[in-house]
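Written out below as C-alpha cells is the structure these notes cover.
The values are calculated or read from the model by the stated rules, or taken from the named source; none is laboratory data. Since the model is a prediction, treat every value here as computed from it, not as a measurement. Cβ: placed from backbone, ideal geometry, glycine included. Neighbour counts: every protein chain shown.
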Amino acid sequence: MSTFKLKHLLAGAAMLAAAAGAVALKPTIRMADSQPVNFEQMVPKRFGVWQLDPTIIPVEVDPEIQAKLDNIYSQTLSRTYINDKGQRVMLSIAYGEDQNTEKTQAHRPEFCYRSQGFGVKEVAVVNLGVDNRQIVARQLLTQKPNRIEPVTYWMTIGEHVSLPGWRRKVTQLRYGLRGYIADGLLFRVSSLGAETAAEYQLQQAFISDLNRAIPEQVRSRIFGSH
C-alpha cells in the first residue's frame, strides 16, 4: 500500500473515531423529563407576610420579543406580591428545558428591560444569604421616566446557580459530559422606588421568605443546591 493511500486511510479512521466520540458524548438524558417541575403549583400565592396583588404586573414584553421568548421558555410565571406593610415585590420566573446551548438558554433580563425603553445600570454582583447558603446574584438599576425599578436576578442550570459568563459555560459543559440536557431558569425580583438600598433589602427579605415557603424537595430547582 502506498504512503499516500495509508495517510488517507489513517485520516479517515481518525475522522470516524472523532464522529463516534461526538455521538457518544452527545447529551441524551433530559432533566425536564426525569425531574419535571410546575412553577404555578410550586410557588405559593400566599406565604409569610406576603400575598398576591393583582394591581401591578412585572414589566411587559413587546409581542415580537415575546414570540421569540416563547420558543425558549416552556414555563413563565409573573406575579406581584404585597406584604403586611403595603410593600410590593414583582416576581418573574422563566423556565427552559434546554440550558446546554447559547441558543436555548435563559436570556439576561438586561436585554428585556432595554427593549422596553429602560436605561439599565449594573449595580453589583452580590452574595445573598439565604438560610445556610450563599446565592450569587446580580443587581441592576433600571429606569425610565416616572419609574425606577431596582432588580435582583440569578439563573440556574439544573440545580446550580450560575450567572452568565465562563462559570455558566463550565456548568453547561459538565452536565453535557455527564449526558444530561440540563434545564434551568431565570429568577428575577424587582420593586419600585428611588431608595435603592431599601428596595434591595426588601427583595432580600422576599427571597428568604419564598425560599422557606417552597417545598424542600423542589427548592433546589429555584435556589440551587450548590
**OP:** Give the residue that is modelled with the lowest pLDDT, with candidates limited to residues of region 141-182 that are surrounded by fewer than 21 Cβ atoms within 10 Å (Cβ to Cβ) and aromatic (Phe, Trp, Tyr).
**Re:** TRP166
Original post:
Mind checking which pairs have a first residue in region 122-143 that is within 30 Å of GLU216 (Cβ to Cβ) and a second that is of a type in the set (Gly, Ala, Ser) and not in a strand (DSSP E or B), Cβ under 7 Å, 6 or more apart or different chains?
Top reply: VAL130/SER208; ILE135/GLY224
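Among the candidates THR101, THR76, which residue alone is within 19 Å of VAL161 (Cα to Cα), β-branched (Val, Ile, Thr) and modelled with pLDDT under 75?
On the way: THR76 fails: modelled with pLDDT under 75.
Being within 19 Å of VAL161 (Cα to Cα), β-branched (Val, Ile, Thr) and modelled with pLDDT under 75 holds for just one of THR101, THR76, which is THR101.
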Original post:
From the list SER225, SER220, SER208, which one is assigned to a loop (DSSP other than H, G, I, E, B) and of a type outside the set (Phe, Trp, Tyr)?
Top reply: SER225
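I need the full set of residues from region 123-166 which are outside any strand (DSSP E or B) and either within 23 Å of ALA205 (Cβ to Cβ) or within 14 Å of the chain's Cα centre (by Cα) (or both), in order please.
Restricting attention to region 123-166, the residues satisfying the condition of being outside any strand (DSSP E or B) are 131-132, 145-146, 158-159, 162-166.
Scanning region 123-166 gives ASP131, ASN132, GLY158, GLU159, SER162, LEU163, PRO164, GLY165.
Given the residues LEU185, LEU192, LEU202, which is the only one that is modelled with pLDDT of 90 or more, of a type in the set (A, V, I, L, M) and within 15 Å of the chain's Cα centre (by Cα)? I'd like the intermediate steps shown before the answer.
On the way: LEU192 fails: within 15 Å of the chain's Cα centre (by Cα); LEU202 fails: within 15 Å of the chain's Cα centre (by Cα).
On inspection, the qualifying residue turns out to be LEU185.
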Original post:
Do we find that ARG133 is surrounded by fewer than 17 Cβ atoms within 10 Å (Cβ to Cβ) and either at pLDDT below 90 or closer than 20 Å to PRO27 by Cβ (or both) in this structure?
Top reply: yes
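Answer with yes or no whether GLN41 is at negative phi, outside any loop (DSSP other than H, G, I, E, B), at pLDDT below 85 and not basic (Lys, Arg). Talk me through it step by step, then tell me what you get.
Working: at negative phi: yes; outside any loop (DSSP other than H, G, I, E, B): yes; at pLDDT below 85: no; not basic (Lys, Arg): yes.
So GLN41 does not fit the description; no.
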